[in-house]
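Colleague: This is the structure I have questions about; it appears just below.
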Amino acid sequence: MNVLRIATRQSALALWQAEHVAAHLRAAHPGLAVELLPMTTRGDRILDRPLAQIGGKGLFLKELEVALAERRADIAVHSYKDMPMDLDAGFEVGAVLERADAADGFVSAKYSRLDELPQGARVGTSSLRRQAQLRALRPDLELVDLRGNVNTRLAKLDAGDYDAIVLACAGLDRLGLGARIRSRLAAPAWLPAAAQGAIAVELRAGDARTAALIAPLHDVATARCTGAERAMTRRLQGNCEVPIAAWCVETEHGLQLHGLVGDAASGQLIRAAAATAFDAEPEALGREVAEELLALGAGALLKA
């Protein structure tokens, strides 16, 4: 039987994304049987410490990549923003699906917008990128670490542990929880993580059969924009230990990329932006914005 197996994390959002990919594969290849292989990763199991302290977002990938290497799975499905800038040898990204809403969402039971929060309000987020931007806009806020899946985070908010939390709009929308978004923290004033809102499909390098099966899922526009964002982050040697944000959008003339490096403790933000024509390399645009950020002093924040 013609079967393709998908390695995925077991969280509700990860399973939604894997089922989303499976549905596209079944539509593209009617004779293909698609099966899910749900797994728990180390990043899912360790919830009492910030990701930056335990090895970063790559902890969400390792077990899935082992399943690929051992041929228990043919592909792995990830939130693209969670993937390291450089994959281990033997693996590659074979498709990037059309991007959903890239923005962060302000979520609160009592307040509609960030500027409505009272002095000293408690805001939950484990992201240093979000903390830096929150600190820049509202230095009075008490920023509290927040881990766990989407439903766990919402439950903590509803229990009164926080006055507000910040979550990716795409994740909430995909879980049917878009109504929880009180307002969007929209670019370019507020920048998301590189590749936020995009789903990536990882496979074994050189697996031509699988590459051909997932090729119809690839969205060129999303790949160009996320390629610029990830190239910027790669040049800055960014990971979840560093507050880096990037947002690229197509305009009528080409691509425009906005980048940011911040400091979660002080709220200092360094911003840069550049544009390029459609026939230029998106990765070159990413490196250009990274160099501008470094010229403006981002190196000191990155070293800190």
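The values are calculated or read from the model by the stated rules, or taken from the named source; none is laboratory data. Since this is a predicted model, take the numbers as computed values, not measurements. Quick reminder, even Gly has a Cβ in these numbers, built from the backbone with ideal geometry, and neighbours come from all protein chains shown. All accessible areas refer to the heavy atoms of the entire protein, side chains included, with ligands and DNA or RNA removed. Shrake-Rupley method; radii C 1.70, N 1.55, O 1.52, S 1.80 Å.
Colleague: Volume per residue, Å³, of the convex hull around the alpha-carbon atoms of the range 153-304?
Modeller: Enclosed volume per residue, from the Cα hull, is 163 Å³.
Colleague: Quick one: which of 103-114, 211-222 comes out on top by average Cβ neighbours within 10 Å, and what's the full order, highest first?
Modeller: 103-114, 211-222
Colleague: Now, a different point. When the chain is fully extended, how far beyond the present Cα-Cα distance does residue 19 get from residue 158, taking 0.36 nm per residue of separation?
Modeller: Taking residue 19 through residue 158 to full extension adds about 47.2 nm, to one decimal.
Colleague: Now a separate question. Long-range amide H contacts for residue 185: which residues qualify at under 5 Å (H placed 1.01 Å from N, peptide plane, sequence gap of 5 or more or a different chain)?
Modeller: For residue 185, whose amide H was placed from the backbone, the distant partners under 5 Å are 104, 105, 106.
Colleague: Out of 29, 78, 258, any idea which swings most in a Gaussian network model of the chain, alpha carbons joined below 10 Å?
Modeller: Of 29, 78, 258, the most mobile in the Gaussian network model is 29.
Colleague: Straight distance only, please: which lysines reach the Cα of residue 62 with their own Cα at less than 25 Å, same-chain residues fewer than 8 apart left out?
Modeller: 81
Colleague: What percentage of the solvent-accessible surface of the chain, computed with a 1.4 Å probe over protein heavy atoms, is contributed by carbon and sulfur atoms?
Modeller: Carbon and sulfur atoms account for 50 percent of the accessible area of the chain.
Colleague: Comparing 271, 26, 209, which has the greatest mean-square fluctuation in the GNM of the chain with Cα pairs linked when under 10 Å apart?
Modeller: The residue that fluctuates most here is 209.
Colleague: Return the Rg/Rh ratio of the range 183-268 with Cα-based radii and a Kirkwood Rh.
Modeller: Checking Rg against Rh, the ratio lands at 1.04.
Colleague: Rounded to whole Å and sorted largest first, what semi-axes of the equivalent ellipsoid does the C-alpha gyration tensor of the chain yield via the square root of 5 times each eigenvalue?
Modeller: 31, 24, 18
Colleague: Order of 125-138, 291-304 by packing, highest average Cβ count within 10 Å first?
Modeller: Those peptides, ordered most packed to least, come out 125-138, 291-304.
Colleague: Largest first and to the nearest Å, give the Cα extent of the range 205-248 along each principal axis.
Modeller: Sorted largest first, the three principal extents are 38, 22, 14 Å.
Colleague: For the chain, what does the helix formula give at 222 nm: sum of -39500 (n - 2.57) over DSSP H segments with n ≥ 4, over the residue count, nearest 500 deg cm²/dmol?
Modeller: -9500 deg cm²/dmol
Colleague: Running a GNM on the chain with Cα contacts under 10 Å, which residue among 14, 22, 208 ends up with the highest mean-square fluctuation?
Modeller: The residue that fluctuates most here is 208.
Colleague: Which whole-Hz couplings ³J(HN,Hα) result when phi for each residue of the range 119-124 is put into the Karplus expression 6.51 cos²θ - 1.76 cosθ + 1.60, θ = phi - 60°, listed in order with x for Gly and Pro?
Modeller: 3, x, 4, 8, 10, x
Colleague: So what are the radius of gyration and Dmax for the Cα set of the range 57-126, in Å?
Modeller: When restricted to Cα atoms, the range 57-126 yields Rg and Dmax of 18.2, 54 Å.
Colleague: Over all directions, the average projected area of the alpha-carbon convex hull for the range 70-222 comes to how many nm²?
Modeller: 10.4 nm²
Colleague: Hey, another quick one. For the range 68-145 and the range 167-215, what is the centre-to-centre distance using only Cα atoms, to the nearest Å?
Modeller: 10 Å
Colleague: Let me ask something else. Report D for the range 189-228 in µm² per second (integer): Stokes-Einstein, Kirkwood Rh on Cα pairs, 25 °C, 0.890 mPa s.
Modeller: Once the numbers are plugged in, D ends up at 206 µm²/s.
Colleague: What dipole magnitude, in Debye to the nearest 20, does the range 93-211 give about its Cα centre under +1 on Lys/Arg Cβ and -1 on Asp/Glu Cβ?
Modeller: My answer is approximately 100 debye.
Colleague: Follow-up question, since we're still on this one. Each label point is 7 Å from the Cα along the Cα-to-Cβ direction; what then is the distance between the points at residue 303 and residue 279, in nm?
Modeller: Each label point lies 7 Å from its Cα, and together they span 4.2 nm.
Colleague: Right, another one. Over the chain, calculate the relative contact order: mean separation of alpha carbon pairs under 8 Å at least 6 apart, over the residue count, as a percent.
Modeller: 21 percent
Colleague: From largest to smallest, what semi-axes in whole angstrom does the range 84-164 give when each is the square root of 5 times an eigenvalue of its alpha carbon gyration tensor?
Modeller: 30, 15, 13
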